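**Q** Got a structure for you, written out below as structure tokens; questions coming shortly.
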Amino acid sequence: MTKILMVCLGNICRSPLAEGILKSKLPNDNFIVDSAGTANYHINHPPDKRSIAVAKQYGLDISHLKGRQFSVSDFDAFDVIYVMDESNYDNVNALTRNDDDSAKVKFILNEIYPNQNYNVPDPYYGGDEGFTNVYNMLNEACSIIAKTL
Ligand code: 4NP
């Protein structure tokens, strides 16, 4: 079983999309894919309406997902922790207990652009086009992840 966690700030825009996209590319039986936010703003909230809408446009239903906060126990529960941006990276990295924890934390866009540490832009304060842009980036990264696993 391979366990993958997607992490952003609020767990309502980017990481639930990443979760839905990667799940759609992997068989259910050998993989667990989940998502979490570093902040506690949106615990138990559904994804942002604009993330739900862009997912739906591409045939994915993420409306049932619920926000939760990243916790130290996630280092034990998951094999790989993909962060969306530098600030998520710093927040997650600050909670690592040892080198094993640190080795699990990766920038998701490094799957497309190795070692560049590019950010998936936070679309929360922008318009719908930001969500389409994020969808496209995550879709490309998740295709590579699914092929590599
Ligand atoms: P996310 O976007 O990290 O992609 O889920 C955000 C969602 C909510 C907030 C910030 C970013 N917020 O400040 O509430």
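**Q** State, as an integer percentage, the relative contact order of segment 66-109 based on alpha-carbon contacts under 8 Å between residues 6 or more apart.
**A** On the way: 34 pairs, mean separation 20.7, N = 44.
About 47 percent, as a whole number.
**Q** Mind checking which of I12, I62, I81 has the largest fluctuation in a GNM of the chain, springs on alpha carbons under 10 Å?
**A** Maximum among the listed residues: I62.
**Q** Could you state the accessible area per residue of segment 22-149 in Å², with a 1.4 Å probe and every protein chain left in place?
**A** Result: 55 Å² per residue.
**Q** Working out 0.36 nm times the residue gap between Q57 and V72, then minus their Cα-Cα distance, what length gain in nm do you get to one decimal? Write out the running numbers ahead of the final one.
**A** Numbers: separation 15, 0.36 × 15 = 5.40 nm, distance 3.44 nm.
Working it through step by step, the gained length comes to 2.0 nm.
**Q** Sort out for me the Cα centre separation of segment 80-110 from segment 1-44, rounded to whole Å.
**A** Between the Cα centre of segment 80-110 and that of segment 1-44, the gap is 14 Å.
**Q** Using the structure shown, list the pairs from K56/K106; K3/K147; K3/K25; K49/K104 with a Cα-Cα distance above 23 Å, or answer none. Before the final figure, lay out the partial values.
**A** Working: K56/K106 27 Å; K3/K147 15 Å; K3/K25 14 Å; K49/K104 30 Å.
Over 23 Å apart, Cα to Cα: K56/K106; K49/K104.
**Q** Taking 8 Å as the Cα distance limit and 6 or more residues as the minimum spacing, I'd like the relative contact order of the chain as a percentage.
**A** On the way: 278 pairs, mean separation 41.2, N = 149.
Taking the mean separation of contacting Cα pairs over the length of the chain, I get 28 percent.
**Q** With springs connecting C-alpha atoms under 10 Å apart, model the chain as a Gaussian network and identify which of R14, R97, R68 has the largest mean-square fluctuation.
**A** Its mean-square fluctuation being the largest, the pick is R97.
**Q** What list of whole percents do you get for P(r) of the chain, with Cα-Cα distances grouped in 10 Å bins up to the one holding the largest distance?
**A** P(r) for the chain, in whole percents per bin: 12, 46, 36, 5, 0.
**Q** Which residue, A39, A18, A94, has the most motion in a Gaussian network model of the chain that connects Cα atoms within less than 10 Å?
**A** Between A39, A18, A94, it is A94 that shows the largest mean-square fluctuation.
**Q** Determine the share of the chain's accessible area contributed by carbon and sulfur atoms, expressed in whole percent, with a 1.4 angstrom probe. The partial results should precede the final answer.
**A** Working: 3550 of 7460 Å².
The nonpolar share, carbon plus sulfur, comes to 48 percent.
**Q** What 222 nm value per residue comes from the helices of the chain, counting each DSSP H run with n ≥ 4 as -39,500 (n - 2.57) and dividing by all residues, nearest 500 deg cm²/dmol?
**A** Estimated from H runs of four or more residues: -11500 deg cm²/dmol.
The values are calculated or read from the model by the stated rules, or taken from the named source; none is laboratory data. Because the structure is a prediction, the values reported are computed rather than measured. For the accessible areas, the whole protein counts, side chains as well, though only heavy atoms, and no ligand, DNA or RNA atoms are used. Shrake-Rupley method; radii C 1.70, N 1.55, O 1.52, S 1.80 Å.
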